[in-house]
Amino acid sequence: MSFGARDTTRVAKALAEMLGATAVRAPAPPFPYGAWLVCVGDEHGTFLEIVPATTLFDPKAPLGVLQGPEVHRPNSAHVLIGSPLDSASLQKRAADEGWPVQEVETGLFKIVKVWVEGHLLVEFLAEGETARYTDAFGSKGMSSLDGKLRALEQELGAVLSTKLSPQMLTEALGRPAAA
């Protein structure tokens, strides 16, 4: 996953700590100047690419990338990644950066939501939660995944409807698709 940050160095180093990873300055070219890689070092070669907030990926641009205006606003992109740290350590590190953080039990697994620089959502599976995630979305969970998701939908729908108004639910989740 690639995403833009105002302070690429600071963001890369903080995320590297949260992931037990290594932050490495990306070579420019081929990466945009100021980009960093947060390399997990796992068997899959997992890394996050932190590019300057002015970086835009555009199929019409030379090299597929161009520099535009800096924009910081909430958006629909996010990434979920496992961390060797416990939830409290992740929350503390996010708080140390001044980033909003929230722990959420989804019903299938628990995640720590961190809004990097206040706008980009990075979700962490804290120590011990990766197994729960794999049980749901890994090969052994696939045969029962849709049933688990429908049951969760029913359960959470009932709980949320007692805690939030219909208008708040619509603002957060949209409207159900017509059958």
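Computed from the coordinates by the stated procedures, all read-outs in this text should not be read as laboratory data. Note that the structure is a prediction, hence the values are computed from the model and not measured. Here the Cβ positions follow ideal geometry from the backbone for every residue, glycine too, while neighbour counts run over all protein chains shown.
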For the pair ASP96 and ASP42, what calculated FRET efficiency results from E = 1/(1 + (r/R0)^6), where r is the Cβ-Cβ distance and R0 = 30 Å, to the nearest 0.05?
0.75
Using the Cα gyration tensor of the range 72-164, the equivalent ellipsoid's semi-axes, largest first and to the nearest Å, work out to 25, 18, 12
Once R0 is set to 35 Å, what does the formula 1/(1 + (r/R0)^6) return for the Cβ-Cβ distance between THR170 and THR9, expressed as a FRET efficiency to the nearest 0.05?
0.30
Residue exposure sequence - ILE50, ILE81 - by fewest surrounding Cβ within 10 Å:
ILE81, ILE50
If you wrap the range 90-143's Cα atoms in a convex hull and average its projection over all directions, what's the area in nm²?
4.0 nm²
Rank these for me by crowding, HIS119, HIS78, HIS44, going from fewest to most other beta carbons within 10 Å.
HIS44, HIS78, HIS119
If you project the alpha carbons of the range 1-71 onto the principal axes, what extent comes out on each, in Å, largest first?
35, 24, 17
Report the paramagnetic label zone for ALA177: residues of the range 133-157 whose backbone N is under 17 Å from a point 7 Å from Cα along the Cα-to-Cβ axis.
146-147, 149-151, 153-154
Where does each of LEU164, LEU85 land when they are ranked from fewest to most other beta-carbon atoms within 10 angstrom?
LEU164, LEU85
Output the DSSP H helices from the chain with an along-axis C-alpha extent of no less than 20 Å and a mean Kyte-Doolittle hydropathy no less than -0.5.
145-163
Do the alpha carbons of any pairs in LYS113/LYS140; LYS113/LYS163; LYS110/LYS140 sit beyond 23 Å of each other, and which pairs?
LYS113/LYS140
Of the convex hull drawn through the C-alpha atoms of the range 121-179, the volume per residue in Å³ is 139 Å³
Gained length - GLU70 relative to ASP135, 0.36 nm times residue gap less alpha-carbon distance
19.4 nm
What is the distance in Å between the Cα centroid of the range 121-179 and that of the range 23-40?
34 Å
Förster-model FRET efficiency, 35 Å R0, ASP86 and LEU145, C-beta, rounded to 0.05:
0.85
Once the convex hull of the alpha carbons of the range 4-152 is built, what does its volume come to per residue, in cubic angstrom?
135 Å³
